[in-house]
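Rule-based calculations on the coordinates, nothing more; no lab input. Since the model is a prediction, treat every value here as computed from it, not as a measurement. In this analysis, Cβ positions are derived from the backbone assuming ideal geometry, glycine residues included, and neighbour counts consider all displayed protein chains.
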Amino acid sequence: MAINTNRPTSPHLQVYRLPLTGIISITHRMTGVMLSAGLILFVYVISALAGGAESYDTMQTIMNQWLFKLVGWGFIYALFFHLCHGVRHLIWDTGSSFELETLNRYAMIELASSLILTLMTFVWGHYGL
């Protein structure tokens with residue numbers, strides 16, 4: 001039995017470009033994993049608080065390193081992105097907003113909202129506004 005070589009090949013990343021809604025969907029899953037992993041760090045912080053002054057000082061030293069600050073802000077962004085995407089899913093649950101133009105507009109609003117919420121949190125936390 002001969003293999004049919006005239007069949008079209010499946011699209012791959014060099015040919016096929018994911019639509020914005022597909023990228024947002026994948027990112028939503030990734031932020032869910034990031035939030036789960038971030039909870040481990042959150043539990044460490046809570047246990048350091050309960051552990052007393054020495055434990056708290058050690059945790060503060062670790063958390064003041066640039067990598068852990070970056071991870072913390074990544075966790076906050078993931079939280080807001082996941083929240084905004086969840087709101088979009090609630091809108092979809094009404095059975096509306098499935099037109100391509102609306103889907104893309106809501107995806108951009110979702111990205112902008114999550115960034116704005118993260119920046120507002122940074123300003124509020126950094127400047128105490």
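Modelled spin-label separation between V43 and V123, with each label point placed 7 Å from Cα along the Cα-to-Cβ direction: 3.6 nm.
Note on E99 and T21: the extension gain reaches 26.9 nm, defined as 0.36 nm multiplied by sequence separation minus the Cα-Cα distance. Here the extension length gained between W92 and W66 equals 5.5 nm, from 0.36 nm per residue of separation less the Cα-Cα distance. Panel note: the C-alpha atoms of the chain, placed on their principal axes, show extents of 73, 42, 24 Å (largest first). Rounded to the nearest Hz, the phi-derived 3J(HN,Hα) couplings of segment 93-101 under the Karplus curve 6.51 cos²θ - 1.76 cosθ + 1.60 (θ = phi - 60°) are 5, 7, x, 10, 6, 9, 6, 4, 4, where x marks glycine and proline. The HN-Hα couplings worked out from phi for segment 80-91 by the Karplus form 6.51 cos²θ - 1.76 cosθ + 1.60 (θ = phi - 60°) are 5, 5, 4, 4, 5, 5, x, 5, 4, 5, 5, 5 Hz, whole numbers, x standing for Gly and Pro.
In order along segment 27-41, the phi-based Karplus estimate (6.51 cos²θ - 1.76 cosθ + 1.60, θ = phi - 60°) of 3J(HN,Hα) comes to 5, 4, 5, 5, 5, x, 5, 4, 5, 5, 5, x, 5, 4, 5 Hz; Gly and Pro are listed as x. The angle separating the long axis of helix 53-63 from the principal Cα axis of greatest extent in the chain is about 40 degrees.
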